[in-house]
1. What number, rounded to the nearest 500 deg cm²/dmol, is the helix-based mean residue ellipticity at 222 nm of the chain, given -39500 (n - 2.57) per DSSP H run of at least four residues and division by all its residues?
2. Could you sort THR36, THR119 by accessible area so the largest value comes first, with the probe set to 1.4 Å?
3. Taking all protein chains together and a probe of 1.4 Å, list LYS89, LYS16, LYS10, LYS37 from the most accessible to the least accessible.
4. Among PHE8, PHE2, what's the order by accessible area (1.4 angstrom probe), most exposed first?
5. Using a 7 Å offset from Cα along Cα-Cβ at SER71, what residues in segment 37-56 end up with backbone N under 14 Å from the label point?
6. If you place +1 on the Cβ of every Lys and Arg, -1 on the Cβ of every Asp and Glu, and leave all else neutral, what size is the dipole of segment 78-149 about its Cα centre, to the nearest 20 Debye?
7. Just round it to a whole percent: the fraction of Cα-Cα distances in segment 6-90 exceeding 22 Å.
8. With 18 Å as the cut-off, how large is the P(r) tail for segment 10-57, expressed as percent of Cα-Cα pairs?
Amino acid sequence: MFRRVADFQKAWEQEKSSTLKVLRALTDASLAQSVTKDDRTLGRLAWHLATTPGEMMERTGLKVAGPSHDSPPPASVGAIVAAYETASKAVADGVSGWTDAALEVEDDMYGEKWPRGLTLQALVSHQAHHRGQMTVLMRQAGLKVPGVYGPAREEWTTYRMQPPAV
């Protein structure tokens, strides 16, 4: 749980950059990739990352510019990236108006009362969770996966190292 706005802002900037690396590695053709016909597609997951900031933060009273959580995913990576950039910037801008004390304010979140600091942590964790799902689908779609918290398999040679044994 975040207790200082500055700590969230620092983490959000890092997470936003990581999410954008993953989104920008997608192709329009890859958006249809899924594990099965009953699972979310790569495009649906990417769009979910673009729409969730507004949906979650609206519950705290923060108005976040960006697509509605129930809007259909676009067919282009460019549109998804642009929507995510708008929403993620709006979160950072909106939270910058909060005080550290505001992070203790509780809001109704999905039938529970969450302090805003917990909501912000959930937003960050939620992104990381879905980025992980997306990287699996990206590999299945034949895309190069960017490193997020360290080098991806293809990036180890950049560090003059061998990839870990499989």
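The values are calculated or read from the model by the stated rules, or taken from the named source; none is laboratory data. All figures in this text were calculated on a predicted structure; none of them were measured in a lab. Cβ placement follows ideal geometry from the backbone for every residue including glycine, while neighbour counts extend to all protein chains displayed. Areas reflect the complete protein model, heavy atoms only, side chains present, ligands, DNA and RNA absent. Shrake-Rupley method; radii C 1.70, N 1.55, O 1.52, S 1.80 Å.
1. Calculated at 222 nm, the ellipticity per residue is -17000 deg cm²/dmol.
2. Result, largest first: THR36, THR119.
3. On the way: LYS89 110, LYS16 40, LYS10 160, LYS37 180 Å².
Reading off the accessible areas and sorting them downward yields LYS37, LYS10, LYS89, LYS16.
4. PHE2, PHE8
5. 47-55
6. Details: 6 positive and 8 negative charges, 121 e Å.
About 580 debye.
7. Of all Cα-Cα distances in segment 6-90, 25 percent exceed 22 Å.
8. 38 percent
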